[in-house]
Structure formats: C-alpha cells, structure tokens
Amino acid sequence: MSARMPTEISKKPYYLTTPIYYVNARPHLGHTYTTIAADTLARYKRMRGFDARFLTGTDEHGQKIERSADKAGKTAQTFADEISAEFRSLWARMGLTNDDYIRTTEPRHKRGVQRLFMELQQRGYIYKGTYTGQYCVSDELYVDAPEGAPCPDCGRPTEKVSEENYYFKLSAFERPLLEHYEAHPEFIRPESRRNEVMAFVRGGLKDLSISRTSFNWGIPVPGDEKHVIYVWMDALANYITALGYGSDAPEDQARFARYWPADVQLLGKEISRFHCVYWPAFLMAAGLPLPRSFVVHGWLLFEQSKMSKSRGNIVRAETILDVLGADALRYFLLREIVFGQDGSFSFDALVQRYNSDLANGYGNLVSRTLAMIEKYFDGVVSFPGRSIHVSSISGIENAASDCIGSFNKLFEGLQFSAALEAVWAFMKTVDIYLNAEAPWKKLAQSNDLPMQNRVKQILDTAAESIRIITALVYPVIPDAAAKVWAQLGLGDITQADLKDLQWGGLKPGTKLGALGPVFPRAEKEAITRMQEKEEARLAESTAAATQAPGAPIAAAPGVVAAPVVAEAKTITIDDFAKVELRVAQIKVAERVAGADRLLRLEVDLGYEQRQIVAGIAEAYAPESLIGRKVVIVANLAPRKLRGLESNGMVVAASLGEKGRPVLAGFLEDIEVGARLK
Ligand code: MSP
C-alpha cells in the first residue's frame, strides 16, 4: 500500500475486507471464492478511480486452532505459521491484489485488540462474571442450550464450560443496533440476510462472555493475564488493527483515519451474526464508526453440501490453477454463482463454461478479429471508432454504451453474474455482426479501395468492441485482459485510464501487438486431470494427517492402518474407546470408474449393511474380497469420495514408501459386528 500512497491520496478511499481464515485447515475453493470476489471488487473500484484498499489475512488464535495444532503434534505458533503461509502463497500465486495481509498473531494486532478491550472497559461495557454453560469449539460460539445439546449452528456436540469470565454488555446494544439496521437498509446485504439478523436481535441479546481461562492460545486480557480474549473479539478487530488502530504512530493513525469505516465487508452467511451483531456492537461501545455495509454471500457447494474441511468435500484452487489457470476459476465462480445465493462447483461445469464462454466466446472473437486485421491490413487499425453514418456500426456503438451502463450498475450492486452476462450478450451482438458482414467474403469478392475501406471499418468496429469488452472484464479475468490489451496495441492495461470508458478509444494508426492464443480450448481430459490431482491430494493429506504422532498411518482414502506408532503420545483408554472398531464382512466389491485406487465396498455388520469407499484397488482384486471379514472403523463421520458416500474406514497395515495396504483380519472365525476393544 505504501507504494501506491503518494499518487492515491487525491483519490477517494475505499476499504474492503474478507473474513480472516482459520488456520486449522489449508485453503480450499470456499476461501478462494470470497477472496476472488474481494479482489475483483477492489480491481473494479481502482479502475473507477478509487484508492481501494483490500485486506485479507488469517485468524490464528483460539481453542480450535490449539487443538488442531496439538493433533498435528506441532506448537500452535508453528502450525499457524505453516498454514498462514499457505494461504498467503496461494493468493500470491493467483496474483491477488490485497494491500495487506493480517495475522492475528502479529504484535500490531495484539496491541490493537488490547487497546480495544481497555477502551470498552473504560467506557463501562465490560464486567466480570461467571459463565456456566455450553460452548461449541468448532464455531467458537457460546451456546444457549442445556448440557449435552448439540450446537444449533453446526450440530456438533457442545462442551460444558464453567469459568470466571469478562462479559461485554451486548444487551445494551439491542435497541441501538435495531435503530441502525432500520436507518441504513444497505448496512446488511442482501435483504434476506438483513431480515435474519434483525429477527435474531429482536429475539433479545444477552451479554457476551469475552474471555476464557481454560486454555491460553490467545491474546491476554490486559492486566489479568490468566484470561485470553474471546477469539471472535480478537478476530473481528483485525479489520481495524490492520489499519493501525491501537498505535500512536502518526502514519498508523493517518491510515486508520483515511480508510475506516470500511465500505464493504464480505463474508459467508454462517458468520453473519458475529459480523452484523457483535462487531457493530463492539464498535459502538468503543465510539467508533460502523462499516458502511456487510455483504453476505452464500456457500459454494460440492457434491451437494457446503465445501468444508470437516465434511471432507473440498477442492483445492491449485488443482484448477495447474490445469486451466486463475482466470478460468475467477470467471467460473463469479459467472456461475449468483452472488448471495448458494451455488455448486463441479469440474464438468467449470470446463464447460471455460470452453463456451472463454475459449469459444471471448478468445475466439479476439483471435479471429485481430488475425484478420493482421492479415489484411498489416495489423494497423485505421478507422476512427465513431462512424455514425453506417447504421450497423452505430447499432454496435449503442449496444456497447448500453453494455457499459448495465455492467457498471450491476457490478456496483455486486451482481457479478448478471454483469458478466451483459458483457457476453454484447459479445454475441458483435459476433452476429461479424458473421452477417462476413468481411473475409467481401474481400474475396473484390479488393478495390471502397471495399477495403468497408472491411477496415467492420474489423475496426469489432476491435473497438473488443477494447470495451476487455476493459469491462479486466477486474474478473485480469491476466487474459492484460494479454488482449497488449495484442490490441494498447500497452499495459494496469496503466490505462478506464474510469470513463466509452466508445471510440481505439485510435486510427494503432498497431496491434504480437498476437497469440488467449484461452486455448480445454480438452475433455482436463476434467480427469483435475479429478486425479484431487484424488492424489486427498490421499496425500489423509496420509499426512494420520501420520502425526499418536495417529494411525493411513495408506489411502477409506483405509486406516492399524496403529503402528513408535513414539506415540499416549492416549487414555477413554480416548481409545471413542473409536468403534468392528468386524464386517465384504458382500460387494467393485472398482470406481475413473479412480484407479478406489473400490466401492458393501459390508455387512450384522445389524446393518453399509457402503465404504476404500483405496485398496491397487492391492486387492475386487472378486478376491467377497466374503472376506475385515476390521472397520464404524463410527467415522461419512465423507464423499468421487461422489460416493463412504461410511467408515477399513483397517489395514501400510507397507513401504507407497503405503501398500494389507488388510487386518483374524485367524479364528469370528462373527460379524463383533467390537474390538
Ligand atoms: N475465522 C473466521 C472468520 C473471522 S473474520 C473476523 C472463519 N474462518 S473460516 O476459515 O471458517 O472462513 C470462513 C469464510 O470462508 C466464510 O465466511 C466464507 O467467506 C469463506 N468460505 C469458507 N468455505 C466456504 C464455502 N464452502 N462457500 C463459500 N464461502 C466459504 O469463519
């Protein structure tokens, strides 16, 4: 950001944020979705002349992270360092333009959070009390429910906590919050989310416990260090600590004054309560202005449910970057999913959109138009775009202006999909125009000067249309747009002034740059390649996750190796009792299409039959398994592999570097369903 500051100061500031991501899981497409949307918006705002500042980062404290680190046999700090670095390098690989990247373990953040806590204390909004009740570690949420009840948000078991805590007087903000929601209808978008939040607040707000004493991976309460500050208070404060809140340095204060309040805070719908209720209440209590708007988007679904680590149905952005590139992913997510609603990801749909809209649509229009200018006119544009006397051209010109108008309106309203649809509709108009005019046929008929001029006019009209289209799509597909801009002979798109985009900007005499393909067509194998990459990644991460000290070694998905751990951390008998190992008999075994390592098994447990997908196909022929008795982990959460639900894992030893599975079994005959303990 400092590099841009001197020239940007005259521009209007615009501050936008993504949630900061938990470091308990490596980045997946769900995180990428929000971050891409933010990047696109930031680029768009910059293109419109704003000094847009875009923040993202990682949320690294709390019990959930502490436990994940513990499971991985690492210190919380090392664990957080590794995963935070993965997020950061993924964003860099994708060329995202975030101006800052905040980590909640940084000193600047700690200082700001402690300052916020003290501010609330001084203003009389914090008191001490005792919390006895349920807590959901996965959501880091205090749950108002009886002991033993599951979390109402995620359904996981809650834990009973009884602790002396600091409390925040959230109840005092019930009225002020409702008044603010009423007075600022744009504060929470879309409307449906606003209604949900308002209904929640109208239901009554209880004071909120904002410290914990039973673990210490967090920011200490100033002056009472056995307490750590509640992880959501810690995390939400990132939006201001990253700007310099809590620092007395003049440059930090100036940055905070310039960019706060945020213009847009983007988030997924599952965390709207924290952002739209707790966060504004903390800010009001601290006497700070509230963000102008929260934009709450829906979920990216994969295989019918929310893509998330705990469901095991994630896809990694790297897989798509390797095969189709970042622009393809950006375009797909913003075009395919109506922002605000849930939407599904699939490799088929991705490749289909890539081919139809990018390769055959945009890429093809660019390559055939520019190739003709190159071939017939030495790559020089010769007609001024404005040619009102030719009605077909003025038709295109009007369509372009309409397209610019609707695109801007829709984009400002974060309706990315509809905005892109408007551009592709214009592209279609240009395509129809080119096909109807068929300049290549005209030149074949006659090569006299009037005909040449006519053809130049047609091609230059198409080239000018491409210029408009390229400027509009630049925030969404920046790499391709930059290439096309250079091919049009317009130089570096990042230096172009696109603020007042209008027809007629392609000047006569412009010499095209070097031409080359922009979006080569994707073959059908692209789908298989991506699926295989994900399979390999899944197998790798299953092995890595289970090879941590104390954990069994698993060779492949759906197979867990019998514990062969030398330097294991000890576990209690109660820990072991949580794993329900049972004897099961294989009734059906068959290969899974397109997955070399997987078998689909149906096993009989005596009291039920169930399906397990196991990565043992390279070691066992399916027919050799029928009737065989194996050991399975019967109480494992279901997960999907290649679209098939797997309900359990088969236990096997894992041999050699490749982890060849050898199934566990018994010498005695044993009845199905028997429990191992
Ligand atoms: N650390 C908290 C947020 C603190 S912000 C002060 C958190 N982290 S998270 O890692 O779980 O990330 C949640 C956010 O990631 C969602 O709100 C959303 O922006 C994005 N997504 C993660 N999975 C997603 C989908 N499957 N679909 C869409 N967005 C998803 O909550």
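Close Lys pairs in the range 346-495, defined as Cα atoms under 17 Å apart and 8 or more places apart or on different chains, number 5.
Ellipsoid fit via the Cα gyration tensor, the chain: semi-axes of 49, 38, 20 Å, each the root of five times an eigenvalue, largest first. Calculated [222 nm] ellipticity per residue, helices only, for the chain: -12500 deg cm²/dmol; basis is -39500 (n - 2.57) per DSSP H run with n ≥ 4, divided by all residues, nearest 500.
When a 1.4 Å probe is rolled over the protein heavy atoms, the share of accessible surface on the chain that falls to carbon and sulfur comes to 52 percent.
So, R0 is 35 Å and r is the distance between the beta-carbons of Thr132 and Glu86; what FRET efficiency does that work out to, to 0.05? In this case the efficiency is close to 0.35. Couplings 3J(HN,Hα) for the range 335-350, derived from phi with the Karplus relation 6.51 cos²θ - 1.76 cosθ + 1.60 (θ = phi - 60°), are 8, 6, 9, 6, 4, x, 9, 5, x, 9, 9, 8, 5, 4, 5, 4 Hz, where x marks Gly and Pro.
In a fully extended conformation the segment linking Asn398 and Ile432 would gain 10.7 nm over its present Cα-Cα distance, using 0.36 nm per residue.
Pairs Lys71/Lys587; Lys533/Lys578; Lys12/Lys306; Lys578/Lys629: which exceed 27 Å Cα-Cα? Kindly include the intermediate steps, with their values, before the conclusion.
On the way: Lys71/Lys587 35 Å; Lys533/Lys578 33 Å; Lys12/Lys306 37 Å; Lys578/Lys629 22 Å.
Over 27 Å apart, Cα to Cα: Lys71/Lys587; Lys533/Lys578; Lys12/Lys306.
If the label point is 7 Å along Cα→Cβ of Lys12, which residues in the range 406-443 have backbone nitrogen under 17 Å from it? Once the point is set 7 Å along Cα→Cβ of Lys12, 408-414 turn out to lie under 17 Å by backbone N, inside the range 406-443.
Extension gain for Thr572-Glu645 works out to 23.2 nm (0.36 nm per residue, less the C-alpha to C-alpha distance).
On the basis of the beta-carbon distance and an R0 of 30 Å, His180 and Glu412 show a calculated FRET efficiency of 0.85. For q values of 0.11, 0.16, 0.21 Å⁻¹, compute log₁₀ I(q)/I(0) with the Debye formula on a Cα-only model of the range 350-482, without solvent. The Cα Debye sum returns log10 ratios of -0.40, -0.82, -1.29.
Add +1 for every Lys or Arg and -1 for every Asp or Glu among the other residues with Cβ under 12 Å from the Cβ of Gly325, and state the total. Each step should come with its number before you reach the end.
Details: positive: Arg93, Arg330, Lys483; negative: Glu318, Asp322, Asp327, Asp479.
Taking every Cβ under 12 Å from that of Gly325, the sum is -1.
Remark on Val143: its backbone amide H falls under 5 Å from those of Gln134, Tyr135, Cys136, a criterion applied only to residues 5 or more positions apart or on other chains, H modelled at 1.01 Å from N. Using r as the Cβ-Cβ distance of Arg156 and Asp596, and R0 as 22 Å, what FRET efficiency do you calculate, to the nearest 0.05? After rounding to 0.05, the efficiency reads 0.05. Close amide-amide hydrogen proximity is noted between Ala674 and Val583, each under 5 Å apart and 5 or more residues distant or on a separate chain (H modeled in the peptide plane; Pro and chain starts excluded). Taking only the Cα atoms of the range 104-203, the ratio Rg/Rh comes out at 1.02, with Rh defined as the Kirkwood radius. With the simple spin-label model, which puts each label point 7 Å out from Cα in the Cβ direction, the Val380 to Thr494 separation comes to 3.2 nm.
Tell me, what is the per residue accessible area of the chain in Å², probe radius 1.4 Å?
Value returned for the chain: 42 Å² of accessible area per residue.
Couplings 3J(HN,Hα) of the range 616-626, computed from phi: 10, 5, 6, 9, 10, 6, x, 5, 6, 9, 4 Hz, in residue order, whole Hz [Karplus 6.51 cos²θ - 1.76 cosθ + 1.60, θ = phi - 60°; x for Gly and Pro].
Between Glu618 and Asp70, the contour length at 0.36 nm per residue exceeds the Cα-Cα span by 194.0 nm.
Computed from backbone phi, the HN-Hα couplings of the range 128-133 come to 9, x, 10, 9, 10, x Hz, rounded to whole numbers (Karplus: 6.51 cos²θ - 1.76 cosθ + 1.60, θ = phi - 60°; Gly and Pro given as x). Straight-line reach from Lys128: taking Cα to Cα under 27 Å and skipping same-chain neighbours fewer than 8 places apart, the lysines in range are Lys64, Lys110, Lys160, Lys169, Lys206, Lys226. May I ask what percent, to the nearest 5, of DSSP beta bridges between residues of the chain are antiparallel? Here the antiparallel bridges make up roughly 70 percent for the chain.
The values are calculated or read from the model by the stated rules, or taken from the named source; none is laboratory data. A quick note: this is a predicted structure, and the numbers were derived from the prediction, not measured. Don't worry about glycine lacking a Cβ; one is built from the backbone with ideal geometry, like all the others, and counts go over all protein chains shown. We work out accessible area using only protein heavy atoms, side chains counted, and drop any ligands, DNA or RNA first. Shrake-Rupley method; radii C 1.70, N 1.55, O 1.52, S 1.80 Å.
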